[in-house]
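Participant: Would you mind keeping the following structure in view while I ask a few things?
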């Protein structure tokens, strides 16, 4: 199936770079361009694209306001194209809460368009297959409705496309006594600090971007920095975060597989969770965790934006139980509370 794309950006140079990148993929057809939301509105009606790439900052109406109108009046797959700045990250994360499927960063100093857009075609094709659901409202911090006794269990979560919505939903229901939690979410560099801050505002737990040497503690959540290093957990007596400067694994840095496999090596009670995302990253690592005695959960197909990573994990027997996103928080805390000590390797 050919994916038909409309490129919306006020920069002629950026439109040309995005088009040149997408046209290298024979499964993608660039239908046309729009300079601003007004032109884009007419082009959507005329061309009926499968996917839109959308700039954040444009004349007449910014990308966030335009996206809100799209998702309210005619929901369709949107991939945000953003500057790799603090402001760009904040706006892009807000866009993904509104219903944008994924995001890519624009080329910045020291990075070519080929490097910046290396996975743009894959993200556009994944967006075309995604379940598009407009964001139903702002996530707010929930009241803690159940007691959870923190223990020695370590919780590891992996996610990709659709993970912003999934993690916001799950962590908004986490209590201040949640198990020590480590997360790898595929996300451009500079975005994860802003994302951790957004998660921290809605969660009962303390959420922060992970740093090398951070000691895992109950009530704390550690998010892998985007694009710079792999997040691992080492030390069975006093587990700490380690940031490893190695090359991409499964095409990703940080990689979910790297995180899961490090937790499996700890030989202590643990729970692994794989959420929405394209590709296979995390599937083998989750299987390694389960074989080491960990409890494992996967997001079900109906609630995934892209049922790629959870499907791959489920098909190889890595997922002990599937759960819909709406019930995932409760399922995670229940499994963590019941987790038994791991077997020795």
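Every number in this text was worked out from the coordinates using simple rules, so none of it is lab data. These figures come from a predicted structure and were not determined experimentally. Note that each Cβ is placed from the backbone with ideal geometry, even for glycine, and that neighbours are counted across all protein chains shown.
Participant: Between 316, 44, 70, find the one with the highest GNM mean-square fluctuation for the chain; connect C-alpha pairs within less than 10 Å.
Facilitator: With Cα springs under 10 Å in the chain, the top fluctuation among 316, 44, 70 is at 316.
Participant: Quick one: in the stretch 214-292, what % of C-alpha pairs are over 14 Å apart?
Facilitator: Of all Cα-Cα pairs in the stretch 214-292, 61 percent lie more than 14 Å apart.
Participant: Using every pair of alpha-carbon atoms in the stretch 3-129, split the distances into 10 Å bins beginning at 0 and state the percent of pairs per bin, rounded to integers.
Facilitator: 14, 52, 32, 3
Participant: In nm, give the distance between the simple-model label positions of residue 215 and residue 118, each being 7 Å from the Cα along the Cα-to-Cβ direction.
Facilitator: 3.6
Participant: Relative to the present Cα-Cα distance, how much length would full extension add between residue 12 and residue 62 at 0.36 nm per residue of separation?
Facilitator: Full extension of this stretch gives 16.3 nm more.
Participant: If r is the Cβ-Cβ distance from residue 47 to residue 133 and R0 is 30 Å, what FRET efficiency results, to the nearest 0.05?
Facilitator: For R0 = 30 Å, the calculated efficiency reads 0.85.
Participant: Once you keep just the Cα pairs under 8 angstrom separated by 6 or more residues, what percentage relative contact order results for the stretch 186-279?
Facilitator: Result for the stretch 186-279 is 24 percent.
Participant: Just the number: Rg to Rh for the stretch 154-338, Cα atoms, Kirkwood Rh, two decimals.
Facilitator: Taking Rg over the Kirkwood Rh, I get 0.91.
Participant: Also, quick follow-up: Limiting things to C-alpha atoms, what are the Rg and the maximum Cα-Cα separation (Dmax) for the stretch 205-249, in angstroms?
Facilitator: So, for the stretch 205-249, Rg and Dmax equal 10.7, 31 Å respectively.
Participant: Taking the Cα atoms only, what angle lies between the long axis of helix 191-202 and the longest principal axis of the chain, rounded to 10 degrees?
Facilitator: Once rounded, the angle reads 60 degrees.
Participant: In vacuum, with every alpha carbon of the stretch 169-230 counted as one equal point scatterer, what does the Debye formula give for log10 I(q)/I(0) at q = 0.27, 0.28 Å⁻¹? Two decimals, please.
Facilitator: Values returned for q = 0.27, 0.28 Å⁻¹ are -1.16, -1.22.
Participant: Right, something else. Kirkwood hydrodynamic radius for the stretch 252-345: how many Å is it when counted over pairs of different Cα atoms?
Facilitator: Evaluated on the stretch 252-345, it is 12.9 Å.
Participant: Still on this model: Just to confirm the number: angle between the C-alpha axis of helix 63-73 and the first principal axis of the chain, 0 to 90 degrees, nearest 10?
Facilitator: 90
Participant: Oh, and also: When the Kirkwood hydrodynamic radius is evaluated over all pairs of different C-alpha atoms of the chain, what value in angstrom, to one decimal, is obtained?
Facilitator: On the way: mean 1/r = 0.0495 Å⁻¹.
For the chain, the Kirkwood estimate is 20.2 Å.
Participant: Counting DSSP beta bridges in the chain, what percent are antiparallel, to the nearest 5?
Facilitator: Given both bridge residues lie in the chain, the antiparallel proportion sits at roughly 15 percent.
Participant: Using Cα pairs closer than 8 Å and at least 6 residues apart in sequence, work out the relative contact order for the chain, in percent. Intermediate values should be presented prior to the final figure.
Facilitator: On the way: 832 pairs, mean separation 42.9, N = 345.
Over the chain, the number comes to 12 percent.
Participant: Can you say what percent of the DSSP beta bridges in the stretch 202-345, counting only those with both residues inside, are antiparallel? Round to 5.
Facilitator: Restricted to the stretch 202-345, the bridges split so that about 35 percent are antiparallel.
Participant: Helix 37-47: angle to the longest alpha-carbon principal axis of the chain, degrees 0 to 90, nearest 10?
Facilitator: With rounding to tens, the tilt is 80 degrees.
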